[in-house]
Amino acid sequence: MTSSVWHPFTQHGLREPIPLVERAEGAVLHTADGKSYIDAISSWWVTTHGHCNPKIMAAIAEQAGKLDQMIFAGWTHEPAEAVAAGLREIMPQNLTRVFFSDSGSTAVEVALKMALGYWHARGEARHRIVVMEHSYHGDTIGAMSVGARGVFNQAYEPLLFDVATMPFPAAGAEQAALDALEAICRKGDAAAFIVEPLVLGAGGMLFYAPETLARMQEICTQHDVLFIADEVMTGWGRTGTLLACEQAGVSPDILCLSKGLTGGAVPLAVTMANEAIFEAHWSTDRAKMFFHSSSYTANPLACAAARANLEIWREEPVRERIAVLAKRQAQWLDKLGSFCHFDNARQCGTIAALDLKTSGEGGYLDTLAPDLMAFFRERGILLRPLGNTVYVMPPYCIGEDQLADVWNAIGEAVISF
Ligand SMILES: *Cc1c(COP(=O)(O)O)cnc(C)c1O
């Protein structure tokens, strides 16, 4: 029987096999035909402590016996309050307010609306959003507008709003990129700068230095441009620290979190804001409230999962696990990065990436990616290269042997392609 499911980022016309997954634990997915796969990309960057983490699963089950879902406009519940309080403890101290939504894209939409609402309330004509070249912030129309333009959004391009773009601060070209940001900010019409701290994920695992991130924030502060950190992917330890911003000593005005917020178990997002942004919306006038909601805002089951994730960060040696994984990734990169088939071996915390030299055009549609994916799948490994960029971003619980299997398959791949 053929399936009616329309999959995301999938070209059904290519009729590539679509494995049917039945269950998962730790770093492994099990399919209905009895095979298993090492999940080397954390199921698209969400899974942090491993699949079906017992504490998170138990928290969801317990919550399911009490309260499933309820309106969050003007009502509240205990799991949401606990998550907000827990985030306040570990996130930058200036971020005093926690707004819930459902995904990374909605967290970004909320951030943009908060920033624009802030300037609107102050009666200042600042409407421009500033972005970084090659960035990715999600697939809704607003999130696409602040992301890189390309084959992904060609069809919608006429409807995407205008932004000002600073160049990517590639190694050696940082000063030019910072100068460009400063020139944009100096114009006085910029409401906010939104950026992925240290790692541009979907843009091809591009890394830049913490000092550059710190300089970008300085420039924004100097020119009164709100600084939005999109840590949807980089948050929750991926870059070696809880937040990537930490490495630069940066406290953003607005922070977007999702993916690892629930340990990657269920969808949930937050947009955290500083007090000035909250206050700009504070009034006795109902016309000035923050007009945003989604039906499932702060779903109690999702909040219970996020609360369990916060407990895991508090009680378990998560940071040590991350440090060990980062060290192993470095060793593997060391071993393979010098192969003549690879370019640009790079690492940021638990994320390791390298570019396969290709005869194709490079970029996302490089024909190498689907062939590589199939190659890895045959070897029981879930990897999903971005064009010719192969990267490994595993859950922190991945075993030494499992990681070795992944890297050995990558080593094998360069010989075969
Ligand atoms: C994944 C991602 C998003 C979008 O999150 P979704 O939950 O897929 O909507 C936004 N920003 C960054 C940096 C991401 O990596």
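A few points about this structure:
- Distance (nanometres) between label positions extended 7 Å along Cα→Cβ at Glu133 and Glu78: 5.3
- In this structure, the residue pairs whose Cα-Cα separation is over 31 Å, taken from Lys187/Lys288; Lys55/Lys327; Lys259/Lys327; Lys66/Lys259; Lys327/Lys357; Lys35/Lys66, are Lys35/Lys66.
- In this view, the solvent-accessible surface of Glu218, computed with a 1.4 Å probe and all protein chains in place, comes to about 90 Å².
- A probe of 1.4 angstrom, applied to the heavy atoms of all protein chains, finds Asp405 with accessible area near 80 square angstrom.
- Dimensionless Rg ratio for the stretch 180-324, taking C-alpha atoms and the 2.2 N^0.38 Å reference: 1.17
- Measuring only protein heavy atoms, the 1.4 Å probe finds Glu16 accessible over about 90 Å².
- Solvent exposure, largest accessible area first (probe 1.4 Å, DNA, RNA and ligands not counted), of His51, His77, His7, His127: His127, His7, His51, His77
- Using R0 = 35 Å, the C-beta based FRET efficiency linking Asn344 and Ala323 works out to 0.90.
- Kirkwood hydrodynamic radius of the stretch 254-336, from the reciprocal of the average inverse Cα-Cα distance over all distinct pairs: 16.0 Å.
- In this simple spin-label approximation, Asp224 and Thr140 carry label points 7 Å from Cα along the Cα→Cβ vector, and these lie 2.8 nm apart.
- Going by accessible surface with a 1.4 Å probe and the largest first, Thr2, Thr48 read Thr2, Thr48.
- DSSP bridge pairs, the chain: antiparallel proportion in percent, nearest 5: 65
- Sparsely packed loop sites in the stretch 39-132 (the trypsin sites (Lys or Arg not before Pro) outside DSSP H, G, I, E and B with at most 12 other Cβ atoms within 10 Å) comprise Lys66, Arg122.
- Accessible heavy-atom area order of Thr140, Thr212, highest first, probe of 1.4 Å: Thr140, Thr212
- Accessible area in square angstrom per residue, the stretch 93-252, 1.4 angstrom probe: 38
- Cα gyration tensor shape of the stretch 144-203, rounded if a/c is under 1.5, else prolate or oblate by comparing a/b with b/c: oblate
- Length gained when the stretch Ser3-Asp401 is fully extended (0.36 nm per residue, less Cα-Cα span): 139.7 nm
- Fraction of accessible area attributable to carbon and sulfur, the chain (%, probe 1.4 Å): 55
- If you take the Cα centroid of the stretch 197-256 and the Cα centroid of the stretch 363-404, the two points sit 26 Å apart.
- Max mean-square fluctuation residue, GNM over the chain, Cα-Cα springs under 10 Å, options Ala298, Ala404, Ala173: Ala173
- Pairwise Cα distances in the chain exceed 41 Å for 14 percent of all pairs.
- J(HN,Hα) series, the stretch 258-272, from Karplus relation 6.51 cos²θ - 1.76 cosθ + 1.60, nearest Hz, glycine and proline x: 7, 4, x, 4, 9, x, x, 8, 9, x, 6, 8, 9, 10, 9
- Sites listed here are chymotrypsin sites (Phe, Trp or Tyr not before Pro) in the stretch 1-44 whose DSSP assignment is loop and whose Cβ has at most 12 other Cβ atoms within 10 Å: Trp6, Phe9.
The values are calculated or read from the model by the stated rules, or taken from the named source; none is laboratory data. For clarity, every value in this text was computed on a predicted model and none was experimentally measured. Note that we place each Cβ from the backbone using ideal geometry, even for glycine, and neighbour counts take in every protein chain shown. These accessible areas exclude ligands, DNA and RNA; they are computed on the full protein's heavy atoms, side chains included. Shrake-Rupley method; radii C 1.70, N 1.55, O 1.52, S 1.80 Å.
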